[in-house]
């Protein structure tokens, strides 16, 4: 059962006049950093939620859930690669170097450490250019769809509604391509955990530089957090994204 607790919410209001004082390049950096943080944090959470959190090892239960995690993993990999390219862009790089990183403790070293971490994840670029944002090409899947002596029967998991249908064999091909492209010989769930670790480092970095940007460049240390209430929220470790869901049959819909 999912547990819930109250979570405090705050807001920091940034006057429009403060935003207008920024140059166009600075405004782009401010907004694109926030956009990248929002996307990567969302995917970081979803990757964690999608990993199976139960002891039911039946293939019909586990494989569709793991496939969902792999889909999110591919999207997260693609978005992380795009975020890295945005950080390296002239507008963002110059703004961070001149206006933000001098106010971050060990700012230059932090930036280098993140770049090194991303560069060591050799699978980010290939995944972005492959299944992350594109349908697979015949040439990419040719070897993976050629039957060998190790092949077994294809399996389809089917419910009474299309929302409970999963093509396990197609996912097996996608995972075979992914594992070869990643070239690390890992199991899919281990790759997802690696991606989550990279996203944690990436989002922590973005959160820090955005916070410094707002405090030292935009608001010049005059901004304050204002409590705006509480909301009931599930405990992070208890949230899980299911595959099988109970849905009304078409004849049951009024």
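Read-outs: derived from the displayed coordinates by stated rules, not from any lab. Values in this document were obtained by computation on a predicted structure and should not be read as measured data.
When the alpha carbon coordinates of the chain are projected onto the principal axes, the ranges are 64, 46, 33 Å, largest first.
Size of segment 20-63: Rg and Dmax of its alpha carbons, in Å, are 19.0, 59. Note on segment 90-201: the C-alpha convex hull projects to 10.7 nm² when averaged across all orientations. Working note: Debye formula, equal point scatterers on the alpha-carbon atoms of segment 196-239, no solvent; log10 I(q)/I(0) at q = 0.20, 0.21 Å⁻¹ is -0.88, -0.89.
Axis of helix 24-50 versus longest Cα principal axis of the chain: the two differ by about 30°, to the nearest ten degrees. For segment 1-84, the alpha-carbon coordinates run over 59, 34, 12 Å along the three principal axes, in decreasing order. As a length-normalised measure over Cα pairs under 8 Å and 6 or more apart, the relative contact order of segment 69-134 settles at 64 percent. For the chain, the mean residue ellipticity at 222 nm estimated from helices alone is -16500 deg cm²/dmol, where every DSSP H run of n ≥ 4 contributes -39500 (n - 2.57) and the total is divided by all residues, rounded to the nearest 500.
Principal-axis analysis of the Cα atoms of the chain puts helix 168-182 at an angle of about 50° to the longest axis. Scattering from segment 28-154 was approximated by placing one identical point on each alpha carbon and applying the Debye formula without solvent; log10 I(q)/I(0) at 0.14 1/Å stands at -0.81. Would you work out if segment 57-126 is rounded, prolate or oblate? Take a ≥ b ≥ c from the square roots of the eigenvalues of the alpha-carbon gyration tensor; rounded if a/c is under 1.5, else prolate when a/b is larger than b/c, oblate otherwise. Prolate.
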